[in-house]
Amino acid sequence: MSNFVAPEVKKFVAWDYVVFAALFLVCASIGVFFAVKERKKKTSKEFLVGGKQMTCGPIAFSLTSSFMSAVTVLGTPSEVYRYGASFVLFFLSYALVIIFTAELFLPVFYRSGITSTYEYLELRFNKIVRLAATLIYILQTILYTGIVVYAPSLALNQVTGFDLWGSVVATGIVCTFYCTLGGLKAVVWTDAFQMTVMVAGFMTVLIRGTTLNGGTTKVWEDAYEGSRLNIFDFDADPLRRHTFWTIVIGGTFTWLGLYGVNQSTIQRCISCKSEKHAKLALYLNLLGLWTVLVCAVFCGLVMYSHYKSCDPWTADFISAPDQLMPYFVMDIFSSMPGVPGLFVACAFSGTLSTVAASINALATVTFEDLVKKGFPNLSEKMSTWISKGLCILYGVLCTSMAAAASLLGGVVQASLSIHGMCGGPMLGLFTLGIVFPCANWKGAIGGLLAGITLAFWAGTGSFIYPAPPAKSIPLQLSTLNCTLANSTEALTTAAPTAAPDRPSLADTWYSLSYLYFSAIGCLGCAITGLLISFVTGPSKGEDIPPVLIKPVCNLFCFWSERLKAFLWCGVQHDSQQVDFEKNLPKVIANKTGADDTFKKSINKENKCQFPGYNPEENSYTNMSRESRL
């Protein structure tokens, strides 16, 4: 029971609902527009990857919008409010993630002519590895998407009075509607619109909040006095929740697992008309990521300046930290009907984009990796209808998962981390394939299992036995100027005590920063996979098409041609002419259980996407080693 009297904060009014409804209407209209415009283009490729004719601009907007979910819009300002602005160091993590994605993973995926990233795993390893990775991706994405829908809906409901299940169902229906009607093009252009709404919502809050709290200088002074600007903490302790090293190193692994090898991201990149457009989209997207990050961090600082003397979370005006941002919005815009609706539209723009990206990616993966394998002779018309049916199916499943999330209670935060714990091992699996030619399919399977085991062991243990308060305690929050109810004593919050029977690993392994879960899974997968590959007999490099391997050793061994050739493990990177018909299709044909459909996947259309391919001579000319990296 709170010892303080909560100030009256108004709920949603008619104009707020009008502004919010306009967002859903525009999104649905975009789906109808592309359904009508593309009605004569009925191929599954056009539906799932936009016919591979997209340009860098809308793809960049779409990537940023999908990457920044409502969890970011609501969670990052709260994180800065409670723990300080060190979260801004993620701008370094984002930069590293984009560089690795654009220069390491994207070239291999794009030149392979694939539609699903998991097609690569069969090309590189075999069908078993592909199927295992596909099933893991489907399960984690359904679960994560359900949480992404439910968590912001719950936070907004408890503060604004916005109907909980109305927003959950509306989100599911609208996303499914425009994904099913318009395919990837509708998703991409809707994401671009949602990105502008997201930034507009942030800017509105920043301008109003800064004005009410005395201007930028005053906000900055309050943040400095409240120790919110102590950004650079170089403590190497991996148990500390956020330091420079955990954010830059752990954050890079975490977001690279969710970004560099994630189907929803790569699907957008390979929908570009050229590899150059795809890379440019990623680098433009980095600017968008930085913009949203800076907006969210400054919103947290403005919010701290506003509540520095009466913290609504400590005073029990709200029940969870994620409600801080919507509470702040309803507080400062109480006299401006319609503006809170803009912020809710901002938050749900992140949700809509993430859910739509997930639905489209799930439909693509299921169709390419499961349906086409079981039914290889489907007509294009039937393939398109099945793709649309899969969008509806996954829309229903993700919305239903949101309903299940309401029963999870305290496990919701644990479920959010599943995405990271699965992303790390998947990153390790693709790294094995792309960087290490010696890795074989047995090492890939063994490494994937080891990575998932290690990541879930550390992650699950951290939720059962939380880290000691000293490693993750928030900065000082005051209730000095809050209005007392029936007591003249200030509210005191007892520090949480450790469980009496904590195991020996509780204060070490289980107390690792959550940002290291992905790194544990990735490194565990890669190291185990390499060991198993060497024990069982490494792959022969001459049997692997160079296009499936990125020779990163060239960067470090530029001074020695002999050492480079040794580290290529037999892969013919130095060959000026690589005969396609004797290379990539040969590998596919030799894969255990490879079917006729997959053998035909490397056709003339796909070949033409590879730089240096001459369709008249039916051959592929590699770029020089210098230009490859």
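The values are calculated or read from the model by the stated rules, or taken from the named source; none is laboratory data. Since this is a predicted model, take the numbers as computed values, not measurements. Cβ coordinates were reconstructed from backbone atoms using ideal geometry, including for glycine residues, and neighbour counts include every protein chain displayed. Side chains are part of the model used for accessible areas, which takes the heavy atoms of the whole protein and leaves out ligands, DNA and RNA. Shrake-Rupley method; radii C 1.70, N 1.55, O 1.52, S 1.80 Å.
Would you mind finding the one in Leu432, Leu352, Leu342 that is modelled with pLDDT of 85 or more and assigned to a helix (DSSP H, G or I)?
Leu432
Residue pairs, Cβ under 6 Å, 6 or more apart or interchain, first in region 360-388 and over 24 Å from Ile136 (Cα atoms), second at pLDDT 80 or above and open to solvent by less than 50 Å² (accessible area, probe 1.4 Å). List them.
none
What helices (runs of 4 or more DSSP H) completely inside region 83-150 contain at least 2 residues that are within 17 Å of Leu289 (Cβ to Cβ)?
Values: elements: 90-100, 106-111, 117-124.
Qualifying helices (runs of 4 or more DSSP H): 90-100.
Do we find a residue being among the acidic types (Asp, Glu) and in contact with a helix residue (DSSP H, G or I) (Cβ under 8 Å, 6 or more places away or on another chain) anywhere in region 274-281? Step through it out loud before you land on a result.
Kept after step one, since they are among the acidic types (Asp, Glu), are these residues of region 274-281: 275.
If we keep only those that are in contact with a helix residue (DSSP H, G or I) (Cβ under 8 Å, 6 or more places away or on another chain) as well, we get 275.
The answer is yes; a qualifying residue exists.
Just to check your reading of the model, which residue among Leu282, Leu287 is more than 27 Å from Tyr510 (Cβ to Cβ) and surrounded by fewer than 18 Cβ atoms within 10 Å (Cβ to Cβ)? Write out each step before concluding.
Details: Leu282 fails: surrounded by fewer than 18 Cβ atoms within 10 Å (Cβ to Cβ).
Among Leu282, Leu287, only Leu287 is more than 27 Å from Tyr510 (Cβ to Cβ) and surrounded by fewer than 18 Cβ atoms within 10 Å (Cβ to Cβ).
Which of the numbered conditions does Phe317 fail, given that it passes all the others? Conditions: (1) within 23 Å of Ser65 (Cβ to Cβ); (2) surrounded by fewer than 24 Cβ atoms within 10 Å (Cβ to Cβ).
(1)
For region 355-376, what are the residues that are more than 26 Å from the chain's Cα centre (by Cα) and part of a helix (DSSP H, G or I)? Working first, answer last.
Taking region 355-376 and keeping what is more than 26 Å from the chain's Cα centre (by Cα), we get 372-376.
Lys372, Lys373, Gly374 - these are the residues of region 355-376 that are more than 26 Å from the chain's Cα centre (by Cα) and part of a helix (DSSP H, G or I).
Looking at region 437-467, which of its residues are buried (at least 21 other Cβ atoms within 10 Å of the Cβ) and either over 20 Å from Leu515 (Cβ atoms) or without any contact (Cβ under 8 Å) to a residue 12 or more places away in the chain (or both)?
Pro437, Ala439, Asn440, Trp441, Gly443, Ala444, Gly447, Leu448, Ala450
From the set of residues in region 507-518 that are within 13 Å of Pro468 (Cα to Cα) and in contact with a Pro (Cβ under 9 Å, 6 or more places away or on another chain), which is surrounded by the fewest Cβ atoms within 10 Å (Cβ to Cβ)? Step through it out loud before you land on a result.
Restricting attention to region 507-518, the residues satisfying the condition of being within 13 Å of Pro468 (Cα to Cα) are 507-513.
After this cut, where a residue has to be in contact with a Pro (Cβ under 9 Å, 6 or more places away or on another chain) as well, the list is 507, 510-513.
On the way: Asp507: 15, Tyr510: 22, Ser511: 23, Leu512: 23, Ser513: 24.
Only one residue tops the list, namely Asp507.
Check whether at least one residue in region 306-319 is over 20 Å from Thr354 (Cα atoms), assigned to a helix (DSSP H, G or I) and modelled with pLDDT of 85 or more, and report yes or no. Spell out how you get there, then give the answer.
The initial filter retains those residues of region 306-319 that are over 20 Å from Thr354 (Cα atoms), namely 306-319.
Still in the running and assigned to a helix (DSSP H, G or I): 306-307.
After this cut, where a residue has to be modelled with pLDDT of 85 or more as well, the list is 306-307.
Yes - at least one qualifying residue is present in region 306-319.
Pick from Val248, Val205, Val261: which is closer than 30 Å to Leu427 by Cα and open to solvent by less than 10 Å² (accessible area, probe 1.4 Å)?
On the way: Val248 fails: open to solvent by less than 10 Å² (accessible area, probe 1.4 Å); Val205 fails: closer than 30 Å to Leu427 by Cα.
Just one listed residue meets the conditions, Val261.
At pLDDT 80 or above, touching a Leu at 6+ places or on another chain (Cβ under 9 Å), under 22 Å from Leu104 (Cβ atoms) and crowded, with 17+ Cβ neighbours inside 10 Å: does that describe Val547? I'd like the intermediate steps shown before the answer.
Details: at pLDDT 80 or above: yes; touching a Leu at 6+ places or on another chain (Cβ under 9 Å): yes; under 22 Å from Leu104 (Cβ atoms): yes; crowded, with 17+ Cβ neighbours inside 10 Å: yes.
Yes.
Test each condition in (1) modelled with pLDDT of 90 or more; (2) in a helix (DSSP H, G or I) for Gly183 and report the one that comes out false.
(1)
Does region 66-82 include one or more residues that are among the β-branched types (Val, Ile, Thr), at pLDDT below 75, touching a Leu at 6+ places or on another chain (Cβ under 8 Å) and not in a helix (DSSP H, G or I)?
Filtering region 66-82 for residues among the β-branched types (Val, Ile, Thr) gives 71-73, 76, 80.
With the extra rule that they be at pLDDT below 75, the set shrinks to 71.
Those still in the list that are touching a Leu at 6+ places or on another chain (Cβ under 8 Å) too: 71.
When the remaining residues are screened for being not in a helix (DSSP H, G or I), the result is none.
No, region 66-82 contains no residue that is among the β-branched types (Val, Ile, Thr), at pLDDT below 75, touching a Leu at 6+ places or on another chain (Cβ under 8 Å) and not in a helix (DSSP H, G or I).
Could you check how many residues of region 550-572 are touching a residue at least 60 places away in the same chain (Cβ under 8 Å), surrounded by fewer than 18 Cβ atoms within 10 Å (Cβ to Cβ) and part of a loop (DSSP other than H, G, I, E, B)?
Step one: filter region 550-572 for residues touching a residue at least 60 places away in the same chain (Cβ under 8 Å), giving 550-552, 554-555, 564, 568-571.
Cutting the leftovers down to surrounded by fewer than 18 Cβ atoms within 10 Å (Cβ to Cβ) gives us 552, 554-555, 570.
Retained after the next criterion (residues that are part of a loop (DSSP other than H, G, I, E, B)): 552, 570.
Number satisfying all stated conditions: 2.
Residue-by-condition table, conditions (1) at pLDDT below 75; (2) charged (D, E, K, R):
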position: Cys522; (1), (2): no, no
position: Ser533; (1), (2): no, no
position: Ser539; (1), (2): no, no
position: Gly570; (1), (2): yes, no
position: Glu581; (1), (2): yes, yes
position: Leu584; (1), (2): yes, no
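Residues in region 39-60: is at least one in a loop (DSSP other than H, G, I, E, B), buried (at least 20 other Cβ atoms within 10 Å of the Cβ), at pLDDT below 90 and touching a helix residue (DSSP H, G or I) at 6+ places or on another chain (Cβ under 8 Å)? Walk me through it before giving the result.
Here is the first cut: in region 39-60, the ones in a loop (DSSP other than H, G, I, E, B) are 39-43, 53, 55.
Then keep just the ones that are buried (at least 20 other Cβ atoms within 10 Å of the Cβ); that gives none.
Scanning region 39-60 turns up no residue that is in a loop (DSSP other than H, G, I, E, B), buried (at least 20 other Cβ atoms within 10 Å of the Cβ), at pLDDT below 90 and touching a helix residue (DSSP H, G or I) at 6+ places or on another chain (Cβ under 8 Å).
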